Amino acid sequence: MIWIFIGPPGAGKGTQAKLLAAHLGIPHISTGDLLRQAIAEGTDLGRLARGYMEAGELVPDRLLLGLVREALEGPATKGCILDGYPRNTSQAEALTEMVHEVGQKVCGVIELEVSEQVLVDRIAARARAEDRADDTEETVRKRLVVYEQQTSPLVEYYRERGVLRPVAGEGTIEDIRDRIFRVTEERGRSS
């Protein structure tokens, strides 16, 4: 059982992915958290990724692919919530192959839909609260452009495969969580 969260930076993917993981009793795998940890620890991957993240660019596929494969072959073999991966169709294709190789399937893809102004406001608040250097308004706006160009084609990719589940991502955390839980429960009944 693999659920994937997609949506622009600041859509609430991390918050909602953690809530769904706890609800379903499966691991939450966030490539963003794993990358920030690698940066903090000064690993080779962290040093490479830092430059991309600070420039508001996506970390290249080759750096993320091994990280995700390792997670899918580890404790997440009984299912997981993926947050921050895939970010483009080539990653989605590689993920589809990996999921098949480990004997799992993607149950659904939650697409959090949020307006641009709400995204900018949320990220500005997060930057102040968490002292995150990668969350300046200029970097955020650049990441939104990159998202639209590179990541939004995932919507069509997953829609074509019949697993896309759009969810309104504005409102309280609890309201959004409840919408997501309803979507996952409906998917569970139809499987």
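The values are calculated or read from the model by the stated rules, or taken from the named source; none is laboratory data. Being a predicted model, the structure only gives us computed values, none of them experimental. Glycine also receives a Cβ, built like all others from the backbone with ideal geometry; neighbour counts cover every protein chain displayed.
Among all residues of segment 130-145, there is at least one that is under 18 Å from the mean Cα position of the chain (by Cα), under 30 Å from residue 1 (Cβ atoms) and surrounded by 13 or more Cβ atoms within 10 Å (Cβ to Cβ).
Looking across segment 87-107, not a single residue is touching a strand residue (DSSP E or B) at 6+ places or on another chain (Cβ under 9 Å) and on the phi > 0 side of the Ramachandran plot.
Scanning segment 69-103 for residues that are at pLDDT 80 or above and of a type in the set (Ser, Thr, Tyr) gives 85, 89, 90, 96.
Of all residues in segment 36-50, those that are surrounded by fewer than 16 Cβ atoms within 10 Å (Cβ to Cβ) and either under 16 Å from residue 61 (Cα atoms) or in contact with a Ser or Thr (Cβ under 8 Å, 6 or more places away or on another chain) (or both) total 2.
So is residue 79 in contact with a Leu (Cβ under 9 Å, 6 or more places away or on another chain), among the small types (Gly, Ala, Ser), over 22 Å from residue 150 (Cβ atoms) and touching a residue at least 12 places away in the same chain (Cβ under 8 Å) or not? It is true that residue 79 is in contact with a Leu (Cβ under 9 Å, 6 or more places away or on another chain), among the small types (Gly, Ala, Ser), over 22 Å from residue 150 (Cβ atoms) and touching a residue at least 12 places away in the same chain (Cβ under 8 Å).
Here residue 94 does not fit the description of being aliphatic (A, V, I, L, M), under 21 Å from residue 59 (Cα atoms) and free of Cβ contacts under 8 Å to residues at least 24 places away in the same chain. Evaluated against (1) exposed (fewer than 15 other Cβ atoms within 10 Å of the Cβ); (2) within 28 Å of residue 124 (Cα to Cα), residue 78 falls short on exactly one condition, (2). In segment 132-162, the qualifying residues are those that are without any contact (Cβ under 8 Å) to a residue 40 or more places away in the chain and of a type outside the set (D, E, K, R), and the one that is nearest to residue 60 (Cα to Cα) is 149. Taken over segment 61-71, residues that are within 15 Å of the chain's Cα centre (by Cα), over 12 Å from residue 32 (Cα atoms) and not charged (D, E, K, R) amount to 2. Could you please let me know if residue 156 is charged (D, E, K, R), farther than 24 Å from residue 24 by Cα, loosely packed, with under 12 Cβ neighbours inside 10 Å and in contact with a Gly (Cβ under 9 Å, 6 or more places away or on another chain)? Taking the combined requirement at face value, the residue does not satisfy it.
The one condition from (1) more than 23 Å from residue 138 (Cα to Cα); (2) in contact with a strand residue (DSSP E or B) (Cβ under 7 Å, 6 or more places away or on another chain) that residue 6 does not meet is (1).
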